[in-house]
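To keep things clear, I will list the structure first and then write my remarks on it.
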């Protein structure tokens, strides 16, 4: 992507518009981000964002669900909505000739969804089915419990789907109130990429969204993450064929940019792919793992660094000790020059491959703006990663991993008894 072709403007009503001219293909993609999501949900209404995303394309004051589907499919376009922890997004992709009517349809869906009660009820029941299905997956069960340990009552501690208790009570009126509160022009980022000039994109956005007025009420602030005073241990008995062990460490938010980038590089080295340290050491060399990896979600508020392993029940205690030892190894031993360069090459290669299409570029730049990083973060990313030293990696590992982690284990009862006793002893020291 050529950064000089990317421009960002603020429309009079507060909308941030990002445009990227890319004439290579006759395609235009758009991402419309609202700063809403799980993070803004109340404890009694968890799952609102996901349910709204599921229902929003099912009708507007002007079009029915069937008419919307026909309009999109008749020109071979794609249009959908999704929600996450820190944002809500409407995604659109079409050929250049059809972009104007498709963006007009997106505007109608975003600003005036009808949220019909019968569609809300249908999607609510489907969501409840998905929640029940998740409770049958050991990995999901382990992660759900780990999140609740680490975040308590904060919305980050719950799946985007919500819970059985909260989703069972959600109504069309709840969705309308949530939409009215957060879907407003001063809370919207539009990112457009493709065969369209910046001037044309700006003119079209002003035509379609320019009359949308900012309401007088201020935007509510999301709750702040307050972590429990001490790491916790949680064992969940399930008669599974393997034990799932998860270690969780409180980690940097995206606002802490240097720590954030360094943790992303550490995550790449530790748990990304078949050449990662966890895979090589615990699966290939020691034969302990059915599955082993790590992940570090990007979060506006305090995040978490999670390492996990799936192992035979009889190996539970050994796998736990070895997994934690690999995190501690980052604290005590700096990476070699070769290890550091390999991790950088992998991270930067994956980053470059992740922004090859207009849709990927629109997503990335809109996401950065929504998170508060700004579109310049894309240009700064590679140089910033290249400058990270082994000493910086070790310092960040010491800051975040040199502590007793939160621990969740799912597996047969005998395997849990041993590991819970060991973990409890560690916490008591």
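Tabulated data for the structure shown
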read-out: The chain, relative contact order [Cα under 8 Å, separation at least 6], %; value: 22 percent
read-out: Least to most buried among 40, 212 (fewest other Cβ within 10 Å first); value: 212, 40
read-out: Counting all C-alpha pairs of the range 11-92, share separated by more than 17 Å (%); value: 60 percent
read-out: Computed over the range 3-209, the ratio Rg/Rh where both radii use C-alpha atoms and Rh is Kirkwood; value: 1.01
read-out: Nearest-ten-degree value, helix 257-271 long axis tilted from longest Cα axis of the chain; value: 60 degrees
read-out: Expected-Rg normalisation [2.2 N^0.38 Å, Cα atoms] applied to the range 197-292; value: 1.87
read-out: Linear extension gain, residue 165 paired with residue 258, 0.36 nm per residue minus alpha-carbon span; value: 29.6 nm
read-out: Degrees, to the nearest 10: 358-371 long Cα axis against longest axis of the chain; value: 70 degrees
read-out: Per-pair calculated FRET efficiency, R0 = 22 Å: residue 108 and residue 82 via Cβ, rounded to 0.05; value: 0.75
read-out: At 0.692 mPa s and 37 °C, Stokes diffusion of the range 157-235 via Kirkwood alpha-carbon radius, µm² per second; value: 190 µm²/s
read-out: Bins of 10 Å, starting at 0 and running to the largest distance - Cα pair percent for the range 1-56; value: 17, 32, 28, 19, 3
read-out: Exposure proxy ranking, count of Cβ atoms within 10 Å, fewest first, for 68, 245; value: 68, 245
read-out: Distance between modelled label sites at residue 333 and residue 345, nm, 7 Å Cα→Cβ extension; value: 2.1 nm
read-out: The range 102-228 - convex hull of alpha carbons, volume per residue in Å³; value: 168 Å³
read-out: Nearest 10 degrees, 0 to 90: helix 65-74 Cα axis against the chain principal axis; value: 90 degrees
read-out: Spacing of the two label points (7 Å from each Cα toward its C-beta) at residue 211 and residue 134, in nm; value: 4.0 nm
read-out: Full-extension gain in nm, residue 118 to residue 238, via 0.36 nm per residue minus C-alpha separation; value: 39.5 nm
read-out: Expected-Rg normalisation [2.2 N^0.38 Å, Cα atoms] applied to the range 254-303; value: 1.32
read-out: Radius of gyration and maximum dimension Dmax of the chain, Cα, Å; value: 23.1, 67
read-out: P(r) tail fraction, the range 306-429 - alpha-carbon pairs more than 19 Å apart, %; value: 64 percent
read-out: Model label zone, residue 398; criterion: amide N under 17 Å from point 7 Å along Cα-to-beta-carbon; scope the range 330-349; value: 330-336
read-out: Taking 61, 179 and counting other C-beta atoms within 10 Å, the order from fewest to most; value: 61, 179
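Any read-out appearing in this document is the output of simple, stated calculations on the displayed coordinates, not a laboratory observation. From a predicted model like this one, the values you see are computed outputs, not experimental measurements. For neighbour counting, all protein chains shown are included, and Cβ atoms are generated from backbone atoms with ideal geometry for every residue, glycine included.
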